[in-house]
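Asker: Sharing a structure below in structure tokens format, with a few things to ask.
Where a number appears in this text, it was derived from the coordinates with a stated rule and is not lab data. Worth saying up front: this structure is predicted, and the values here are computed from it rather than measured. Here the Cβ is made from the backbone with ideal geometry for all residues, glycine too, and neighbour counts use every protein chain on show.
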Amino acid sequence: MTLFEFLMAIASVVIAIALTEIFGGWGHLLRIHIVPKIDWLHLSWTLVVVLYAIQYWVGIWPYRDIEFEFIYQVWFLIFPTLFIVLVSFSITPDVEPDDKFNLREYYMSRRGPIFYGMAAFMGMAQLADLVILGTNFNWIGLSFIAFMIFPARSTKISIHASVMLLNMILLIGVGVGVFPGISGFEI
């Protein structure tokens, strides 16, 4: 097993924890009767978190040829995955079947940990590319880190929806190849 395969295994396990938390939360919400029904904004942001987790995991591929000399390089590769796990736990409610639960209120009450965590995740991913790959600043990525502060500080649905839409456009654009240079994934 190469060092890259070893690191990929660690990152895969940590990202799997994040995805399991969100998918388990979706399943749990489907099993119970919640009042009111599923909130589109909360659901959309959980989807954004899932897409970022998957994109980061795929984005680890460019590190396959890197010879890791120092442990701090490993830290920079793994730390973003830890932040995405914290975001996943923050955005996923723990609801009992008889609870009178409002997903919009929950989402708004957790917006600080969700969006500061997303900013930290994105910032650490950018730092990993800078420190390990020696890439230049990705100004698009840096602007998205800054955008994450707006929903963390605001209760306006229009701000949350706008930032979510920008993230969704970026993620889907990277996924279908409209923004090929952003993902870092090259075969």
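Asker: Using R₀ = 22 Å, calculate the FRET efficiency as 1/(1 + (r/R₀)^6) where r is the Cβ-Cβ separation of LYS37 and ASP94; round to 0.05.
Answerer: 0.75
Asker: Which chymotrypsin sites (Phe, Trp or Tyr not before Pro) from segment 68-103 combine a DSSP loop assignment with at most 10 other Cβ atoms within 10 Å?
Answerer: Answer in residue order: PHE70.
Asker: May I pose another question? Using 7 Å Cα-to-Cβ label points, what is the LEU142/SER12 separation (nm, one decimal)?
Answerer: Label at LEU142, label at SER12, 3.5 nm between them.
Asker: Also, I was wondering about something else. If you take the charge dipole of segment 3-176 about its Cα centre, with +1 on Lys and Arg Cβ and -1 on Asp and Glu Cβ, which of PRO80, PHE150, ASN136 is farthest toward its positive end?
Answerer: PHE150
Asker: For segment 1-117, what ratio Rg/Rh do Cα atoms give with a Kirkwood hydrodynamic radius?
Answerer: Ratio of gyration radius to Kirkwood radius for segment 1-117: 1.08.
Asker: I would also like to ask the following. As an exercise, use a Förster radius of 22 Å and the Cβ-Cβ distance of LEU127 and LEU47 to find the FRET efficiency, rounded to the nearest 0.05.
Answerer: Plugging the Cβ-Cβ distance into 1/(1 + (r/R0)^6) gives 0.30.
Asker: In Å³ and rounded to a whole number, note down the convex hull volume per residue for the Cα atoms of segment 52-183.
Answerer: In segment 52-183, the Cα hull volume divided by residue count equals 119 Å³.
Asker: Where nothing but the Cβ of Lys and Arg (+1) and of Asp and Glu (-1) is charged, how large is the charge dipole of the chain around its Cα centre, in debye to the nearest 20?
Answerer: My answer is approximately 680 debye.
Asker: Using a Gaussian network model on the chain with a 10 Å cutoff between Cα atoms, which of ASP39, ASP129, ASP65 fluctuates the most?
Answerer: Its mean-square fluctuation being the largest, the pick is ASP65.
Asker: Loop-only trypsin sites (Lys or Arg not before Pro) in segment 1-105, please: DSSP not H, G, I, E or B, and at most 13 other Cβ atoms within 10 Å.
Answerer: LYS37, LYS100
Asker: In degrees, nearest 10, range 0 to 90: what is the angle between the Cα axis of helix 3-31 and the longest Cα principal axis of the chain?
Answerer: Result, in degrees: 10.
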